[in-house]
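Presented below is the structure to which this report refers.
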Amino acid sequence: MTEERRIIGGHRFTNAEDYEAAERDLLKIEEIKKKIDFNNYKSLEGLYNDLQTGQISFESILGQEFDDEVYEAYISFGNKNKSNSEEMTIKQEKSDVIANNKNAITKKKITLEDFDEEMQAQIVKEIKKKERIRKIILIACGTIAVLCLAYFGIYEYMSIRTDKDAQELANAIKEEESFIPPVNSEDDKYYAELTETAEGTPEVLHKYEDLYNQNKSLIGWVKIADTVIDYPVMQTVNNEYYLDHNFNQEYDKNGSIFLDASCSIYPRSTNLIIYGHHMKSGKMFGSLQKYQNESYYEEHKYIEFDTIYEQGTYEVMFVFRDKVYSQEDVNFKYYEFIDANSEEEFYSYMDEMAAASYYDTGVIPQYGDRLLTLSTCDYQQDNGRFVVVARKITD
């Protein structure tokens, strides 16, 4: 966990090779900026062409961002020149129209009757053909517009329904509770003594009984105070169904918050991995990426997560970006850490997460901790993921 943090240009690099590539790109960019005048169109055009033909290339995301910067400056410069040229063209066209109109006064107006019958028939046929094409285009555009309106209407309806359903479910389990962050000590009681049924499984907590009877896929509830995250957590035999279904098992683009199919709440896995969509509306886990800012973390250090058998509070340890790798890739894969088979394996995963984390929370994991991982999509890279990891501190 003492590995040196590698940050350049606001980007964190998890290995030395990528970090060194970024350093080389940074030096190259600085040299280019010394030579190129971004206010000179010819100079900028030359740089743009060199980037397009590959005469100048980069190795890291810093280079990609510089490439985008050059492209935007070049296009902006080009549009400005284009606007001036178009203005001159319009003036010339107006002048030509005036001149043509003067000449047209002395010319005879051509009508359909000026042609023979065969030519008239051909002209009428061509006019009708163009009219049909025009109508088809208008119908197609109208259909597309209706479909777009229908799509956004359905999306809005689902968003409103999701809010309404979530609020109703929350009200169904709402209890008068006040959360006080616990003081850690050697005497902290980590593990709840669960009351078992005759079948050997724990009894469902009273406040979740009604919801559990409505949908046996319910395994718990996750909440982060003062955020929109306040949802039931579902689980099925795969990780597909609740990507587009809600608690009532209706189709819903917002999906549901759900536990990885490989995890178990009883007996409990070392790490419970919970997924949720990154909705642009902010629903589900759409606000999770705010944890990138340490100030946001300071105001939202604790995550409340209950299973249907026990209540729990977790404190955030690590916040990082990652991605889903192919099966052949030999990389740290946070989503494969579910049970720690040994103390060595546990600390190996903790070290990887700490090294990737945006900031040091000061929370030190201990072998035997119960972990909670919240994961959502991240659109900064292909198959990207944004991850928040916390450990249980109270039952």
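The values are calculated or read from the model by the stated rules, or taken from the named source; none is laboratory data. Given the structure is predicted, the values throughout are model-derived calculations rather than measurements. As a convention, Cβ positions derive from the backbone with ideal geometry for all residues, glycine included, and neighbour counts pool all protein chains shown. Ligands, DNA and RNA are excluded from the accessible area calculation, which covers all protein heavy atoms including side chains. Shrake-Rupley method; radii C 1.70, N 1.55, O 1.52, S 1.80 Å.
Points to keep in mind about this one:
- 27 Å Cα-Cα threshold exceeded, pairs from 290/392; 28/333; 35/290; 28/290; 216/333: 28/333; 35/290; 28/290; 216/333
- In order along the range 311-319, phi translates into HN-Hα couplings of 8, x, 10, 10, 10, 5, 10, 10, 9 Hz, rounded to whole numbers, per the Karplus curve 6.51 cos²θ - 1.76 cosθ + 1.60 with θ = phi - 60° and x for Gly and Pro.
- For residue 128, net neighbour charge (Lys/Arg +1, Asp/Glu -1) across residues whose Cβ lies under 11 Å away: +4
- Residue-level accessible surface for residue 204, protein heavy atoms, 1.4 Å, Å²: 40
- Mean Cα-pair separation over length for the range 266-395, i.e. relative contact order, pairs under 8 Å, 6 or more apart, %: 38
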